[in-house]
Amino acid sequence: ITYTLPTGCINTIPVTVNLRPAITLSPNVSICEGDSTILTAAGATTYSWAPGTGLSATTGANVTAAPATNSTYYVTGTTLGCNAIDSVTVTINTVPTATFSAASPVCEGSNTPIAYLGSALGTANYTWGFDGGTIASGSAQGPYQVNWSTAGIKNLTLTVAENGCSSTPFTTTVTVIAVPVSNAGADVTYCSGDSTQLGSANTVGYTYNWLPVTDLSNSAVSNPTVSLTNATNAISTTNYIVTTSDNICSSTDTVSVTVVPVPVATFVR
C-alpha cells in the first residue's frame, strides 16, 4: 500500500497475502455397526473437526470416528490465519443376523425343513454348515430341505455376509433318529387248516401294526400267528404288511403267505 503524506512524502506499507490451505481428506468410507475408522486430514497446519459426536478428538490431523449413524464430518484447516473447509461422510452398514429354524427331531433319510429368520437380503452371501446332511432342495438364503443318512445329533451353522459386514455365526442342533427296521419274516407256504408264525422277535419300545388283520392271532405284536384256510381247489396267496414304529419313525415290510388246499380223496366201489 503506497500513500502520499500532506508534506509530499510518499510512504509504502507492505501487505502479505497468504494462500488458503489446500486441505485433503481421506475418502468417504463405509463401516459396519460397532466398528471405527481413522479420518485423516492434510495440507494445513492445524485442524478442527465438527461435529464431535462419535469422534475420538475434535483437533488433530488424525481422528478416530465411530458414529452410531451415518455422519458427515467437517474439518477446518488453518495455516497462517487462513482457513479452508472440507467434509467426509462415514456410512454405517447394518451387521446381518444369521438366525434360522430347523425341525427336530427327525427320522434318518427324511427331509428336514430349514428356514432363514435373519435380517439379510436374498443377495447376501450365506455360508451354511449341515454336518454331513444332503441338500434335497434350496440354495443361498433358502428355505432348504436337508436329510441325513445316519442317526445322531447334527450341528447346523450359518454365517451371513452383507455389504462387507459379517454376522456372528448362528448354531443349532437337529436330532436325527434311526428308523426302526421292520421284519415281516420270510415268505411261507403251508396247507389249509394249519398255522404259522410271521415276523420276528419283539424289540422293546417299538410298536407293531399288521394289515390285513384277517386270521391273525394279534395284529399288534411283532410275531403273530396266522391261521388261513383255503376251501378252494386253487392255491391262494395273501400279503401281510407290518409297520414298525418308535412313535416318531416307522418302516414297513411285507410277507407272502401261500395256502395250499388240502386234496380230497374220493373213490367209488
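A few comments on the model shown:
- The value of relative contact order for the chain, using C-alpha pairs under 8 Å at least six residues apart, is 12 percent.
- Heavy-atom accessible area with a 1.4 Å probe sorts Ile38, Ile31, largest first, into Ile38, Ile31.
- Projected label points at Thr243 and Ala151, each 7 Å from Cα along the beta carbon direction, are separated by 2.0 nanometres.
- FRET efficiency for Ser256 and Ser101, using Cβ-Cβ distance with R0 set to 35 Å, rounded to 0.05: 0.20
- With the cut-off at under 15 Å, measuring from each backbone N in the range 155-196 to a point 7 Å along the Cα-to-Cβ line of Asp131 picks out 155-158, 170-178.
- Note on the range 209-247 and the range 162-194: Cα centroid distance 26 Å, given to the nearest whole angstrom.
- Applying 0.36 nm per residue to the separation of Thr159 and Leu80 and subtracting their alpha-carbon distance, the gain on full extension is 23.1 nm.
- For the range 1-55, the spread of Cα positions along each principal axis, largest first, Å: 74, 19, 14
- Per residue solvent-accessible surface (Å²) - the range 1-146, probe of 1.4 Å: 57 Å²
- Simple label model, 7 Å out from Cα along Cβ direction - Thr229 to Ala186, nm: 2.9 nm
- Among the protein heavy atoms of the range 24-173, carbon and sulfur supply 52% of the accessible surface, probe 1.4 Å, non-protein parts ignored.
- Percent breakdown of C-alpha pair distances by 10 Å bin, ordered from the shortest bin, for the range 1-94: 16, 37, 18, 10, 8, 7, 3, 1
- Shown in residue order for the range 46-51 are the 3J(HN,Hα) couplings computed by the Karplus curve 6.51 cos²θ - 1.76 cosθ + 1.60 at θ = phi - 60°: 10, 9, 10, 9, 8, x Hz (x for Gly and Pro).
- Whole-Hz ³J(HN,Hα) from phi, Karplus 6.51 cos²θ - 1.76 cosθ + 1.60, for the range 59-67, glycine and proline x: 9, x, 6, 10, 10, 9, 10, 9, x
- Calculated Rg and Dmax of the range 95-159 using C-alpha coordinates, Å: 11.7, 36
- Converting the Cα gyration tensor eigenvalues of the chain into ellipsoid dimensions via √(5λ) gives semi-axes, longest first, of 94, 14, 10 Å.
- With the simple model of a label 7 Å out from the Cα in the direction of the Cβ, Ala115 to Thr171 spans 2.5 nm.
The values are calculated or read from the model by the stated rules, or taken from the named source; none is laboratory data. These numbers come from a predicted model, not from an experiment. Cβ atoms come from the backbone with ideal geometry, glycine included; neighbour counts cover every protein chain shown. Accessible surface areas use protein heavy atoms only, side chains included; no ligands, DNA or RNA. Shrake-Rupley method; radii C 1.70, N 1.55, O 1.52, S 1.80 Å.
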